[in-house]
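Working notes, structure below.
The values are calculated or read from the model by the stated rules, or taken from the named source; none is laboratory data. In this text the structure is predicted, and so the values were computed from the model without any measurement. Because the Cβ atoms are built from the backbone with ideal geometry, glycine has one as well, and the counts that use them run over all protein chains shown.
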Amino acid sequence: MANMRAIRSRIKSVQNTQQITKTMKMVAAANLRRTQTGMSAMRTFAEQTQELMDALLAGGKQYDHPLLQAREDPQKVCYVLFVGNRGLCGMYNHAVLRYLQQIVRESSHDCSVIVCGRWGRDVIAQSGLNVIDTLTEMPDTPNMDDALMLAERLQRMYLNGEADEIHLVYQHFKSILAQNPTDLQLLPAAPEARGESPHDYIFEPDQASILANVLQLYLSNTVFSVMLEAKTGEHAARMTAMSTATDSTKELIAALQLHLNRARQAAITTEISEIVGGANALKKKKS
């Protein structure tokens, strides 16, 4: 009976865990739908911005805009690391953290890190990275205001000389089951300019003035796209992890139920044996 009671208690505990993992899976799926929809819409807008930047920079035109000028001898590099707000998402956070650690180890520059996300403050503190700030107010569904605030701050750092290069390190979303750690240079801005523009644009008042405005749009769009991709990957990884955990609890409950049935059969067999043995003893006593 004691063994059966322990197994029933264990089954109840696993069932409670199963309810938690199911709920977390549903929440992650809902967040994934929202961020994935926003990411798809943002990609279309970002492609149009990229096309306009290509047209402005076509033909090898040179501009003196400070956000486009690369430093001759860059010494200070700032990496913006995007992690999740919490764990329970498989290797999502650890993979991008290890990726950044490898980049910093192989770099000869003075590297600093800004962390976006609440996950693993203690883990990151022990990683050996030079963390100069942690932005914990990153919502599960980012909006453009969050991207604008971060983009403006990074621009100030670059213009003030606090960093000669600024890179965004995040998990690039390929599919629900695949996210790849990625290093994207944000500043100095380096859009992929083509040799000649496929469109014949007429710019008013002039290309340099328009470039200054489009460049701000390009930078904020880039930061926002990275935020959405990072969050989409986080929710996808958490949904996958919680789905796997739920399936594991089902298997564990089935195995515990089998043990319970065997224990119940053993108890019934023991009781029957005791009853039969007692009856035989009474018969022998009467005879």
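One table, with the values for the structure above:
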{"item": "Extreme residue, surrounded by the most Cβ atoms within 10 Å (Cβ to Cβ), among residues of the stretch 147-176 that are of a type in the set (A, V, I, L, M) and within 12 Å of the chain's Cα centre (by Cα)", "result": "VAL169"}
{"item": "Test: residue in the stretch 32-53 that is under 26 Å from THR240 (Cβ atoms), assigned to a helix (DSSP H, G or I) and aromatic (Phe, Trp, Tyr)", "result": "no"}
{"item": "Some residue of the stretch 55-71 being of a type in the set (Phe, Trp, Tyr) and part of a helix (DSSP H, G or I)", "result": "no"}
{"item": "Selection count where residues are in a loop (DSSP other than H, G, I, E, B), more than 19 Å from the chain's Cα centre (by Cα) and among the hydroxyl-bearing types (Ser, Thr, Tyr), scope the stretch 101-140", "result": "2"}
{"item": "Tabulated pairs, the stretch 261-283, first within 23 Å of ARG8 (Cβ to Cβ), second in a helix (DSSP H, G or I) and β-branched (Val, Ile, Thr), C-beta under 8 angstrom, 6+ apart or interchain", "result": "ALA263/ILE7"}
{"item": "Enumeration of residues in the stretch 141-165 that are in a helix (DSSP H, G or I) and among the acidic types (Asp, Glu)", "result": "ASP145, ASP146, GLU152"}
{"item": "Top-ranked residue of the stretch 89-100 - restricted to ones that are among the hydrophobic types (A, V, I, L, M, F, W, C) and assigned to a helix (DSSP H, G or I), ranked as surrounded by the most Cβ atoms within 10 Å (Cβ to Cβ)", "result": "VAL96"}
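Listed here are the residues, each with its yes/no results for (1) under 28 Å from ILE20 (Cβ atoms); (2) exposed (fewer than 13 other Cβ atoms within 10 Å of the Cβ).
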{"residue": "THR222", "(1), (2)": "no, no"}
{"residue": "ALA237", "(1), (2)": "yes, no"}
{"residue": "GLN265", "(1), (2)": "no, yes"}
{"residue": "ILE268", "(1), (2)": "no, yes"}
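Per-residue answers, yes or no, for (1) at pLDDT 90 or above; (2) under 29 Å from PRO181 (Cβ atoms); (3) crowded, with 18+ Cβ neighbours inside 10 Å:
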{"residue": "MET26", "(1), (2), (3)": "yes, yes, no"}
{"residue": "PHE45", "(1), (2), (3)": "no, yes, no"}
{"residue": "MET53", "(1), (2), (3)": "no, yes, yes"}
{"residue": "PRO66", "(1), (2), (3)": "no, no, no"}
{"residue": "CYS78", "(1), (2), (3)": "yes, yes, yes"}
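Results for (1) in contact with a helix residue (DSSP H, G or I) (Cβ under 8 Å, 6 or more places away or on another chain); (2) modelled with pLDDT under 90; (3) part of a helix (DSSP H, G or I), shown as yes or no for each residue.
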{"position": "TYR218", "(1), (2), (3)": "yes, yes, yes"}
{"position": "PHE224", "(1), (2), (3)": "yes, no, yes"}
{"position": "MET227", "(1), (2), (3)": "yes, no, yes"}
{"position": "ALA230", "(1), (2), (3)": "no, no, yes"}
{"position": "ALA254", "(1), (2), (3)": "no, no, yes"}
{"position": "HIS259", "(1), (2), (3)": "yes, yes, yes"}
{"position": "ALA263", "(1), (2), (3)": "yes, yes, yes"}
{"position": "ALA266", "(1), (2), (3)": "no, yes, yes"}
{"position": "ILE272", "(1), (2), (3)": "no, yes, yes"}
